[in-house]
Amino acid sequence: DAMVIQNPRYQVTQFGKPVTLSCSQTLNHNVMYWYQQKSSQAPKLLFHYYDKDFNNEADTPDNFQSRRPNTSFCFLDIRSPGLGDAAMYLCATSATAGELFFGEGSRLTVL
Amino acid sequence: ILNVEQSPQSLHVQEGDSTNFTCSFPSSNFYALHWYRWETAKSPEALFVMTLNGDEKKKGRISATLNTKEGYSYLYIKGSQPEDSATYLCAFTMDSSYKLIFGSGTRLLVRP
C-alpha cells in the first residue's frame with residue numbers, strides 16, 4: 001500500500017496559471033520534503049519541514065511556496081509557473097535523518 | 001556548493017553481467033550516504049543508508065561500500081537481471097542534517 005501519495009500524477013497548466021500539488025503520508029513522519037527534478041538532473045531540494053518548522057533552501061525561487069496544515073499533508077504551490085518550472089516534483093518523508101520514503105511524483109507541464 | 005557526482009551517467013549491460021557505479025561526495029562533515037533505486041513510473045526506493053567508514057551492505061545481488069575519508073561509495077550488482085533496469089541515485093547528508101543532496105543518478109539498462 002502506498003504510504004506517500006502525491007496528486008495529481010500529471011498536471012498540465014498554462015504559463016502563469018497557479019498550480020497546487022499535494023502530498024499525503026500515512027507514516028506519521030516528522031519530516032516532509034519537496035524536491036524538483038528536471039530531466040536527467042539531480043533532484044533539487046526546494047524546502048523541507050520538521051513538524052511545522054519550515055526550512056526554505058536559499059536558492060528556491062519566491063514563486064514556490066509550501067504549506068503543511070498537519071502531519072499528514074503537505075502542499076506545493078507554484079504561484080506563476082514559467083516554462084522553466086516544468087519538471088517532476090517529488091514529495092518524500094522521513095522519521096529522523098534516516099531513509100526517505102517517496103511518492104511517485106507529480107509531473108508538471110507548462111504550456 | 002556541495003556536489004554529489006555519479007558515474008557513469010548511463011550504462012547498458014547484458015543480462016548476467018556484473019556491474020558497478022560510483023558516487024563521489026564531499027568528505028568533510030559527513031553524516032550518511034544513501035542509495036535509492038528509481039524504476040520508471042514508480043517511486044524511488046531506499047536500498048541502503050550507510051554511516052560508517054568501511055561500511056559494506058548487501059541486499060540480494062546488490063551491495064555497496066563506503067569510504068568516507070576519500071568521499072566515495074560503490075554500488076555493485078552481481079548477475080544483472082532485466083528487472084534491475086532503473087536509475088540508481090545516491091545522496092549524502094552532513095552534520096546530522098535532514099537535507100539530502102542527490103547526485104543525478106546512473107541509468108542502468110539490462111538487456112535480456
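The values are calculated or read from the model by the stated rules, or taken from the named source; none is laboratory data. All of these numbers come straight from a predicted model, not from anything done at the bench. Heads up, the Cβs are rebuilt from the backbone with ideal geometry, glycines too, and the neighbour counts pull from every protein chain shown. These accessible areas exclude ligands, DNA and RNA; they are computed on the full protein's heavy atoms, side chains included. Shrake-Rupley method; radii C 1.70, N 1.55, O 1.52, S 1.80 Å.
Specify the residue that is farthest from the chain's Cα centre (by Cα); the eligible residues are those in segment B:67-101 that are modelled with pLDDT under 95 and hydrophobic (A, V, I, L, M, F, W, C). Filtering segment B:67-101 for residues that are modelled with pLDDT under 95 and hydrophobic (A, V, I, L, M, F, W, C), the one farthest from the chain's Cα centre (by Cα) comes out as B:MET94.
If the condition is being away from chain A (no Cβ under 14 Å), open to solvent by 10 Å² or more (accessible area, probe 1.4 Å) and either of a type in the set (Asp, Glu) or under 24 Å from B:VAL13 (Cα atoms) (or both), then segment B:67-96 contributes B:GLU70, B:TYR72, B:TYR74, B:TYR76, B:LYS78, B:GLY79, B:GLN81, B:PRO82, B:GLU83, B:SER85.
Among the conditions (1) within 10 Å of chain B (Cβ to nearest Cβ); (2) in contact with a Cys (Cβ under 8 Å, 6 or more places away or on another chain); (3) of a type in the set (S, T, N, Q), A:SER22 misses just one, which is (1).
Just to check your reading of the model, which residue among A:GLN25, A:GLN65 is farther than 30 Å from B:SER7 by Cβ and open to solvent by less than 20 Å² (accessible area, probe 1.4 Å)?
Exactly one of A:GLN25, A:GLN65 is farther than 30 Å from B:SER7 by Cβ and open to solvent by less than 20 Å² (accessible area, probe 1.4 Å), namely A:GLN25.
With respect to the conditions (1) part of a loop (DSSP other than H, G, I, E, B); (2) more than 29 Å from A:ASP1 (Cβ to Cβ); (3) open to solvent by 20 Å² or more (accessible area, probe 1.4 Å), A:ASN70 falls short on a single one, namely (2). In the set (1) open to solvent by 50 Å² or more (accessible area, probe 1.4 Å); (2) within 23 Å of B:PRO44 (Cα to Cα), the condition left unmet by A:PRO8 is number (1). In the set (1) more than 11 Å from every other protein chain (Cβ to nearest Cβ); (2) surrounded by 15 or more Cβ atoms within 10 Å (Cβ to Cβ); (3) within 14 Å of the chain's Cα centre (by Cα), the condition left unmet by B:PRO44 is number (1).
For segment B:11-41, the set of residues classified as touching a residue at least 60 places away in the same chain (Cβ under 8 Å) and at the interface with chain A (Cβ under 9 Å from one of its Cβ atoms) consists of B:TYR31, B:ALA32, B:HIS34, B:TRP38, listed by residue number.
Among the residues of segment A:41-62, those that are surrounded by fewer than 18 Cβ atoms within 10 Å (Cβ to Cβ) and in contact with a Leu (Cβ under 7 Å, 6 or more places away or on another chain) comprise A:GLU57, A:THR60. Note on segment B:47-66: among residues that are within 10 Å of the chain's Cα centre (by Cα) and of a type in the set (Gly, Ala, Ser), the one that is nearest to the other protein chains (Cβ to nearest Cβ) is B:ALA64. Reported count of residues in segment B:97-112, each being surrounded by fewer than 21 Cβ atoms within 10 Å (Cβ to Cβ), within 14 Å of another protein chain (Cβ to nearest Cβ) and either out of contact with any Ser or Thr (no Cβ under 8 Å at 6 or more places or on another chain) or without any contact (Cβ under 8 Å) to a residue 12 or more places away in the chain (or both), is 3. Filtering segment A:94-108 for residues that are more than 14 Å from the chain's Cα centre (by Cα), loosely packed, with under 13 Cβ neighbours inside 10 Å and over 16 Å from B:THR93 (Cα atoms) leaves an empty set. Residues in segment A:73-87 that are surrounded by fewer than 16 Cβ atoms within 10 Å (Cβ to Cβ) and closer than 27 Å to B:GLU39 by Cα: A:PHE73, A:ASP77, A:LEU83, A:GLY84. Pairs are defined by a Cβ separation below 6 Å, a sequence spacing of at least 6 or placement on different chains, a first member in segment A:16-38 that is in a loop (DSSP other than H, G, I, E, B), and a second member that is buried (at least 16 other Cβ atoms within 10 Å of the Cβ) and among the small types (Gly, Ala, Ser); the pairs so defined are A:HIS29/A:SER94; A:LYS38/A:ALA87.
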